[in-house]
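Q: Starting off with a structure, shown below.
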Amino acid sequence: MTEEAELPEAPEQARTVFGEYFPEAVRYAELLADAGVKRGLIGPREVPRLWERHLLNCAVLSEVVPEGVTVCDVGSGAGLPGIPLALVRPDLKITLLEPLLRRTNFLQEVVELLGLDHVTVVRGRAEEMLGKITPVHVVTARAVAPLDRLAGWGVPLLRPYGEMLALKGDTAEEEITGARAALSRLGVVATSVLQVGEGIVDPLSTVVRVEVGESPGGVRFAAKRAKAARTSKTRRRR
């Protein structure tokens, strides 16, 4: 039987980043280390590095999110990066989008316990949300899928001139190169790799920014492709 890992004390950087919401950040870390592990939302080995690798790594995403915008966190899982972002940025209106019931139950409990009135939890897959949720300014994601697939899910949820911000690792540039054709079909007009979290996290957090233009053609393409995929899957089941 694996010995239960202990949550370390919050580093000083956490007080700087979360400010007045530092107590809520600590409570969230405790929930992840306890219920999050018991429900299989995070691995027990992640508990000792929850602050540096997860909460702070996600919170610094706020550096590149514009003020007062709407955000959809796709494949939110245990709430990363959506919850840390919500704690740092009460000016945002955030939707946590997650298809699995056990995860959405956890997210709803966290949102209510921490009093995050500007956060909404929605159960569902991104490709099923077209026409069901209002298009947002920013889509966020972390460790969900390779960039080409992730863009296919996230970009259609954006408003014209919106952007997707995906937390990635060392292969960010390679992912962009490999996804160029897919991104072009989706109406993406610019991509870039950003480093955030100077003085807070080491190594810095890597963010892939995907920007869309005015053309709704890419959105329609993605919707059509998602519908075709669902139809094909239904036919195979029959």
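Q: Per the Cauchy relation, a quarter of the hull surface: what is the mean projected area of the convex hull of the alpha carbons in region 1-78, in nm²?
A: Averaged projected area of region 1-78's Cα convex hull equals 5.9 nm².
Q: Please list the non-local residues whose amide H lies under 5 Å from the amide H of Gly162, H modeled 1.01 Å from N, same-chain partners needing a gap of 5 or more.
A: Val212
Q: Same structure, new question: Under 5 Å between amide H atoms, partner at least 5 residues away or on a different chain: which partners does Cys72 have, H built in plane at 1.01 Å?
A: Under 5 Å from the amide H of Cys72 lie the amide H atoms of Thr95, Val138, Val139, Thr140, each far enough along the sequence or on another chain.
Q: Same structure, new question: With every protein chain present, what is the per residue accessible area of region 156-209 (1.4 Å probe, Å²)?
A: Details: 2670 Å² over 54 residues.
Value returned for region 156-209: 50 Å² of accessible area per residue.
Q: How large is the accessible surface per residue of region 41-151, computed with a 1.4 Å probe and reported in Å² as a whole number?
A: Solvent-accessible surface per residue comes out at 41 Å².
Q: Would you check the accessible area of Asp148, probe 1.4 Å, heavy atoms only, in square angstrom rounded to 10?
A: 60 Å²
Q: Once the Cα gyration tensor of region 67-142 is found, what semi-axes does its equivalent ellipsoid get, as square roots of 5 times the eigenvalues, in whole Å, sorted largest first?
A: On the way: eigenvalues 56, 50, 19 Å².
Computed over region 67-142, the values are 17, 16, 10 Å.
Q: Please compute P(r) over all alpha-carbon pairs of region 1-130, binned at 10 Å starting from zero, and give each bin as a whole-number percent.
A: With a bin width of 10 Å, the distribution comes to 13, 46, 34, 7, 1.
Q: Pick out, in residue order, every one of the GluC sites (Glu not before Pro) in region 46-104 that is DSSP loop and has at most 14 other C-beta atoms within 10 Å; say none if there are none.
A: Listed in order of number, the matching sites are Glu67.
Q: Right, next: For region 19-62 and region 166-209, write down the distance between their C-alpha centroids in whole Å.
A: Result: 23 Å between the Cα centres.
Q: Working with all protein chains in place, sort Thr140, Thr177 by solvent-accessible area computed with a 1.4 Å probe, largest first. Could you put the intermediate results ahead of the total?
A: Details: Thr140 0, Thr177 95 Å².
Ranked from most to least accessible, the order is Thr177, Thr140.
Q: From the residues Ala35, Thr140, Gly19, which one has its Cα farthest along the dipole of region 1-154 in the positive direction, the dipole being from +1 and -1 charges on Cβ of Lys/Arg and Asp/Glu about the Cα centre?
A: The residue sitting farthest along the positive end of the dipole is Thr140.
Q: For the chain, what is the calculated [θ] at 222 nm in deg cm²/dmol (nearest 500), taking -39500 (n - 2.57) for each run of four or more DSSP H residues and dividing by its residue count?
A: Calculated from helices alone, the mean residue ellipticity at 222 nm is -10000 deg cm²/dmol.
Q: Out of the total accessible area of the chain (probe 1.4 Å, heavy atoms of protein only), what percent is carbon and sulfur?
A: Of all accessible area on the chain, carbon and sulfur atoms account for 48 percent.
The values are calculated or read from the model by the stated rules, or taken from the named source; none is laboratory data. The structure presented is a predicted model; accordingly, all values stated were derived computationally and were not measured. FYI the Cβ positions are ideal-geometry reconstructions off the backbone, even for glycines, and counts take in every protein chain you see. Accessible surface areas use protein heavy atoms only, side chains included; no ligands, DNA or RNA. Shrake-Rupley method; radii C 1.70, N 1.55, O 1.52, S 1.80 Å.
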